[in-house]
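Have a look at the structure below, then the notes.
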Amino acid sequence: EPEVTQTPSHQVTQMGQEVILRCVPISNHLYFYWYRQILGQKVEFLVSFYNNEISEKSEIFDDQFSVERPDGSNFTLKIRSTKLEDSAMYFCASKKGYVQETQYFGPGTRLLVL
Amino acid sequence: GQQLNQSPQSMFIQEGEDVSMNCTSSSIFNTWLWYKQDPGEGPVLLIALYKAGELTSNGRLTAQFGITRKDSFLNISASIPSDVGIYFCAGLPAPQTSGSRLTFGEGTQLTVNP
């Protein structure tokens, strides 16, 4: 069964450094998402992406964040200058089309900012 | 923003018992999804609900989309140890946003004693 994959599984970085989190959505899906989950809390929406542009972003997704689909398979989240409070699990998700609302999640990248 | 109130926050049950958890909101949702999350992993979709009043089963799991479109419940029958995990409800609020962002509940931590 097709799955969303994410790399790396864990990332440790110093405050102020740039990180890029990578995702490979399910191959025939058209809508892509990033969510984050701070330890012990609920999953929070960051950004949605369709047709090579951002559809919607939350208040969390400030100028330090950017997303890109550099080729036909990868979807990336970049954090330009990480802060301590960016430490969280970051989940990529994808869904097939506008009518099909079910979003499928990847296993996540655990980001730790020191 | 949209808020989902999920209860109970945690449950401790004996193997074989039935479990019920629910999510409520003050606003209307178009879609309800129930996910299970194991420690250090991404949410895994259990059941998707698309119509008010819809009742859907997946093995020992049953979920319903409330008729008012403001609530949903998930039942697990005859629980087994591998049911342990955190269960999240997630909803797509109405009116639907351009990015189809999901709003998540706080989660229900389920512990099953053998």
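The table that follows gives values for the structure above.
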{"read-out": "Contacts under 6 angstrom Cβ, first residue in the stretch A:60-84 being within 18 Å of residue A:31 (Cα to Cα), partner at pLDDT 95 or above and part of a loop (DSSP other than H, G, I, E, B), 6 or more apart", "value": "A:75/A:25"}
{"read-out": "Residue satisfying all of: in the stretch A:56-114; closer than 16 Å to residue A:4 by Cβ and polar (S, T, N, Q); most open to solvent (accessible area, probe 1.4 Å) among these", "value": "A:100"}
{"read-out": "Test set (1) within 14 Å of chain A (Cβ to nearest Cβ); (2) open to solvent by 40 Å² or more (accessible area, probe 1.4 Å) - residue B:71 fails condition number", "value": "(1)"}
{"read-out": "Scope the stretch A:1-30; condition part of a loop (DSSP other than H, G, I, E, B) and open to solvent by 50 Å² or more (accessible area, probe 1.4 Å); matching residues", "value": "A:1, A:2, A:3, A:9, A:14, A:15, A:17, A:18, A:27, A:28, A:30"}
{"read-out": "Test set (1) aromatic (Phe, Trp, Tyr); (2) at pLDDT 95 or above; (3) open to solvent by 50 Å² or more (accessible area, probe 1.4 Å); (4) within 16 Å of residue A:102 (Cα to Cα) - residue B:35 fails condition number", "value": "(3)"}
{"read-out": "Test result for residue A:41, modelled with pLDDT under 95, over 20 Å from residue B:31 (Cα atoms) and open to solvent by 40 Å² or more (accessible area, probe 1.4 Å)", "value": "yes"}
{"read-out": "Selection status of residue B:28, among the β-branched types (Val, Ile, Thr), surrounded by 14 or more Cβ atoms within 10 Å (Cβ to Cβ), under 20 Å from residue B:102 (Cα atoms) and within 10 Å of the chain's Cα centre (by Cα)", "value": "no"}
{"read-out": "Only one of B:94, B:48, B:90 that is in contact with a Ser or Thr (Cβ under 8 Å, 6 or more places away or on another chain), surrounded by 23 or more Cβ atoms within 10 Å (Cβ to Cβ), among the aliphatic types (A, V, I, L, M) and within 14 Å of chain A (Cβ to nearest Cβ)", "value": "B:90"}
{"read-out": "So residue B:79, is it more than 18 Å from residue B:110 (Cα to Cα), polar (S, T, N, Q), open to solvent by less than 30 Å² (accessible area, probe 1.4 Å) and more than 11 Å from chain A (Cβ to nearest Cβ)", "value": "no"}
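The values are calculated or read from the model by the stated rules, or taken from the named source; none is laboratory data. Everything numeric here is computed off the predicted structure, so don't read it as measured data. Note: ideal-geometry Cβ built from the backbone for every residue, glycine included; neighbour counts use all protein chains shown. Just so you know, the surface numbers come from the protein's heavy atoms only, side chains and all, with ligands and any DNA or RNA stripped out. Shrake-Rupley method; radii C 1.70, N 1.55, O 1.52, S 1.80 Å.
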